[in-house]
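See below for the structure under consideration.
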Amino acid sequence: MTIELCGSRPTFTHRTGVACMDRCSKYLVTGGAGFIGSHLVDALLAEGKEVVVLDNLATGRMSNLARAQEHPSFRFVHGSVLDGLLVDELARECDTVVHLAAAVGVKLIVEQPLKSFITNIRGTETVLESAQRHSLRVLVASTSEIYGKNSSGPLTETSDRILGSPSVVRWSYSTAKAVDEILTGLYHRERGLRATIVRFFNTVGARQSPAYGMVIPRFARQAVRGEPLTVHSTGRQQRCFLHVADAVEALLLLLRHPGAEGATFNVGSAEEISVGELAERVIAQAGSASSVEYVPYTEAYGAGFEDMQRRVPDTTRLRALTGWQPRHGLSDVLTDAIADARGEMSRMASTSLPGGRGECLPSATVATASIVGPALAGPCQA
C-alpha cells in the first residue's frame, strides 16, 4: 500500500503511481461492498470514475469487489458510517456521495431492531452533514418498506404510508428510512443540499446473500441443493423483482440528471408474481426436484409479525425524467440468481477440499480505519 497526497491530506491506494483524479469524477460509495453497491462501483469504474468505498463488511463482502480491486482508480476503506471524522475526511476528497450503507433485510430488522434503527438514522445523518459541509451531490438509498402495509396498486412516490402499531418491530425499519428521507428533504430545502432519494423495490442478482431474508437468493440456493423451498404464510403475497443491472442503470441516470435533485424516485419492476408461484418457477427453471413447504410467519419471524399482500411500484416519474426502462425480465433475474447459487455451491465445495482457502481481506487493497459504533453496510432493500 502506498500513501499519496490529495491536496493536503494523505489518501491510501492499492497501487503505486495513481494520481488523484478531478473532483467532478470522484465518488464515495458507502456500503459499496454490498450487493447493489458493488455493482454500482463496477459501473462507475467502467465509466472512468474514481471510486472510494466505505464499508465495515458487516453484511458486505470483499469478494463482491474482486473486479474493482484490479482497477487503479478504486480504493477501499474498512470503516463505519457512524464515524463522523472518517466520513468527513473521505467526503472532503470527493464530489458525489452515494449512501447505500444500512441495516438491510426483514430478518436482520426483526432480530436486531434497536441496532438497526439507530444505525440507519445516525449513519444517514452523518453522511448528510458531511455532504452539506463540502457542497457535494448526494444520492440516498431508501426502500419500498416506506409504504408499510399499503397494498393498493402501483405505488407512486406520494402514496400514503400505512403502518401497524409501533410495538411491531417490522415497522421500525420503515420508520427509520422515513426519517432518513425527511432529513434528506430538509437538508435540500433548508440548506441547499443537492440530494436525490431512491426507493428500491425488490432488487435481485448476483452477489446477493440469502442470509437476511431475501427470497429469490434463498429459493435459488434451496433449489440447487434439492431442498424444499420454504414459502412464508400462504404464498399469495404479490411481489415484483428487478434485475440489479437495471437498478444500477437507474442510479447512473439519476446521478447524471440535474432534474433529479430534490426529488424521490421509485426503482423497481412492474412484473408481478405471487411468492408461491415464484417458488414453483424457480424449481422449474433450475430443473430441481425440490418441493414447496409452507411455513407460518410465526415460525419464520416470531409472534406478531406483519406483512403486506401486494407491493408494486409506479416508476412513471423515473421514466419520464430519464427514459429508463428495465431491460431484464423475471426469467433473466431467475437465471442469474440460479447461476449465482450454483457458483456459490461450487466454490464452497472447492474450499472444503484439502488446500482450499476461505475468503480473507486482501491487505494490499484495504485502508483500515477505526470503527465507531456498529455500522452496517449494504443496500437498502425490501
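The values are calculated or read from the model by the stated rules, or taken from the named source; none is laboratory data. In this text the structure is predicted, and so the values were computed from the model without any measurement. Reconstructed Cβ throughout: ideal geometry from the backbone, glycine too, with neighbour counts over all protein chains shown. For accessibility, only protein heavy atoms count, side chains too; no ligands or nucleic acids. Shrake-Rupley method; radii C 1.70, N 1.55, O 1.52, S 1.80 Å.
In table form, for the structure just shown:
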quantity	calculated
The chain - mean residue ellipticity at 222 nm from DSSP helices (-39,500 (n - 2.57) per run, n ≥ 4, rounded to 500)	-11500 deg cm²/dmol
Convex hull volume per residue in cubic angstrom - Cα atoms of region 48-133	98
Relative contact order (%) - the chain, alpha-carbon pairs under 8 angstrom, separation at least six	25
Cα centroid separation - region 53-75 against region 24-43, whole Å	8
Cβ-based net charge around Ala223, under 11 Å, with every Lys or Arg adding one and every Asp or Glu removing one	+3
Per-q log10 I(q)/I(0), region 103-169, q = 0.16, 0.20, 0.21 Å⁻¹ (Debye; single scatterer per alpha-carbon; no solvent)	-0.74, -0.99, -1.03
GNM result for the chain, Cα springs below 10 Å: residue of Arg310, Arg161, Arg137 fluctuating most strongly	Arg161
Solvent-free Debye scattering, log10 I(q)/I(0), computed from the Cα coordinates of region 36-84 at q = 0.15, 0.16 Å⁻¹	-0.37, -0.42
Heavy atoms of Ile162 accessible to a 1.4 Å probe, total area in Å² rounded to 10	80
Summed residue charge, Cβ within 13 Å of Gly79's Cβ, Lys/Arg positive, Asp/Glu negative	-3
Whole-Å distance, taken between Cα centres, linking region 254-298 and region 176-210	19
Rg over Rh, two decimals, region 229-286 (C-alpha only, Kirkwood Rh)	1.15
Within a Gaussian network of the chain (alpha carbon springs, distance under 10 Å), most fluctuating of Pro228, Pro166, Pro72	Pro166
For region 248-356, alpha-carbon Rg relative to the globular expectation (2.2 N^0.38 Å, N residues)	1.48
Cα gyration tensor of region 75-190 - equivalent ellipsoid semi-axes, whole Å, descending	27, 17, 11
For region 267-323: relative contact order, % (alpha-carbon pairs under 8 angstrom, 6 or more apart)	53
Reach of Lys26 by Cα under 23 Å, taken over lysines that are not fewer than 8 positions away in the same chain	Lys49
Neighbourhood charge, 12 Å Cβ-Cβ cut-off, centred on Arg199 and excluding it, Lys, Arg +1 and Asp, Glu -1	-1
Isotropically averaged projected area of region 174-276, using the convex hull of Cα atoms (one quarter of hull area), nm²	8.1
Ratio of the Cα radius of gyration of the chain to 2.2 N^0.38 Å, where N counts its residues	0.96
From the C-alpha gyration tensor of region 141-215, square roots of 5λ in Å	23, 18, 13
Candidates Val41, Val244, Val168, ranked by Gaussian network fluctuation over the chain, Cα under 10 Å, top entry	Val168
The chain: DSSP helices with Cα axial extent of at least 15 Å and average Kyte-Doolittle hydropathy no lower than -0.5	35-46, 113-133, 244-256, 275-286, 330-351
Ala303-Ala66 pseudo-label distance in nm [points 7 Å out on the Cα-to-Cβ vector]	4.6
Accessible heavy-atom area order of Leu163, Leu330, highest first, probe of 1.4 Å	Leu163, Leu330
